[in-house]
Amino acid sequence: MTTEKQDCGSLAPLLPVEQDERSGGGGSISGAIFNISTGMVGAGIMSIPATFKVLGVIPSFFVILLVGYFVEVTVDFLLKYTHSGESDSYGGLMAESFGKFGSVALQICVMITNLGALIIYLIIIGDVLSGNNSDGSVHLGTLQEWFGIHWWTSRAFSVLVVVVFVMLPLLSLKRIDSLRHASAISILLAVLFVVICSMMAIHAMWEGKTQKLRLVPDFSHGVSFSELFTTIPVFATAFGCHVNVHPIRAELGRPSDMTSAVRISLILCVVIYFAVGFFGYLLFGDSIMADMLVNFDQVSDSLIGTALNDIVRLSYAIHLMLVFPVMNYSLRVNVDELFFPKRPLLATDTLRFFSLTCILLAFIYGGAVAFPNIWYFFQFMGTTTVMCIMFIFPSSIVLRDAHNISTTREKILAVLVIIFAIGTSSVAIYSNIATYIANK
């Protein structure tokens, strides 16, 4: 049973060995809120305004609420079985319910999801600093706009500097609660991003320059019914926090506070996502891109406007730099447990800790430089591994009911969540493939 409990998701071995895992590690509930929120508010926020263009404002609001509700339900599933069973990790819960196969399946999904997300983070940071030449159009980065095009403003060099001098020091912290201050700053930057976008949209509305909003889907202008389902994986990815629930819970002074921390984080993220989606769509209308930062790559007719464009892009890039360590935390532990299942990573294993950190960081950097545009790949990934981690696996644990504690209501909810995840993902994959074939 000890081996199964170590499989995937538990960061307790990184803590001092004499500490009782279930008694909590002294972390604060505010730190937990910031870390959970930081894990959610990542790259997905930039695609939310584009979903408003597809769904319209009113359906988008209800879809945000629906996905947020299902996230709360599935996190509650995990926490209930954690309290009632012997496992203190997501992987341990999967092992209790489905054996070694369950924990390995979760590990693989977590690694694919987190690895893809971290590569995308570096790609976006590279876009902000050094621009992007994809899709036949040239978008200059902030460094190129300020200093011109040089070797030291190229994507490869600018991202390397960020990796070595920003990412590596943050990734060297062994406790996730140590990232609470960085997480707090990250959330504040996300709020700053929302505030600036809102101000720009309100100013444009004052001058009569805003775009016409679409309240409901417009099927008369090329939007198909199946295309509506492609927005679900975007929202699902934006609310992903399940892999960080157990590590954060393990360090709380009172692990029972985790439910409150998750709910507060969900409310905060719902407000942020709707504000970004609404004001971003109001500001750019149907010209909104899948990555909204591209829309800020424009020459303003005033110094203040140019400064705001730069602040928006840079604040989001810094936000991703601070989100990066939280996402990398669970990736690192899952990779370690996959290769060393019987040798948990202890706080004293400094060489192994830093070796694994540097290898993963080098791989992520190489992927971001070699493949500067992987949005379509990540969209397909969001319909598979993300759905499994967030919805299918937690609901399957409830239906399996290894401890005979699931209520009828919980089992009905679990079935509905699985139908929602599989149904929307299947239609979204079909729509994406059909669109790709049609544009080929």
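On full extension, the segment bounded by residue 437 and residue 168 gains 92.7 nm, given 0.36 nm per residue less the C-alpha separation. Assign one of three labels to region 374-436, namely rounded, prolate or oblate, based on the Cα gyration tensor with a ≥ b ≥ c the square roots of its eigenvalues; rounded applies when a/c is under 1.5, prolate when it is not and a/b is larger than b/c, and oblate otherwise. In terms of gyration-tensor shape, prolate.
Per residue, region 66-120 exposes an accessible area of 27 Å² to a 1.4 Å probe, with every protein chain left in place. Given a Förster distance of 22 angstrom, what is the FRET efficiency for residue 192 paired with residue 304, based on the Cβ-Cβ distance and rounded to 0.05? For residue 192 and residue 304, the calculated efficiency is 0.85. Report the accessible area of residue 400, computed with a 1.4 Å probe over the heavy atoms of all protein chains in place, in Å² rounded to the nearest 10. Counting only protein heavy atoms, residue 400 exposes about 140 Å² to solvent. Solvent-accessible surface (1.4 Å probe) assigned to residue 358 amounts to roughly 70 Å².
Between residue 218 and residue 150, the modelled labels are 4.5 nm apart [label points 7 Å from Cα along Cα→Cβ]. Surface composition of region 41-172: carbon plus sulfur atoms contribute 74% of the solvent-accessible area (1.4 Å probe, protein chains only, all chains present).
Taking all protein chains together and rolling a 1.4 Å probe, residue 429 ends up with roughly 50 Å² accessible.
The values are calculated or read from the model by the stated rules, or taken from the named source; none is laboratory data. Keep in mind that this is a model prediction, so the values were computed, not measured. Here the Cβ is made from the backbone with ideal geometry for all residues, glycine too, and neighbour counts use every protein chain on show. Just the protein is used for accessible areas: all its heavy atoms, side chains included, with ligands, DNA and RNA removed. Shrake-Rupley method; radii C 1.70, N 1.55, O 1.52, S 1.80 Å.
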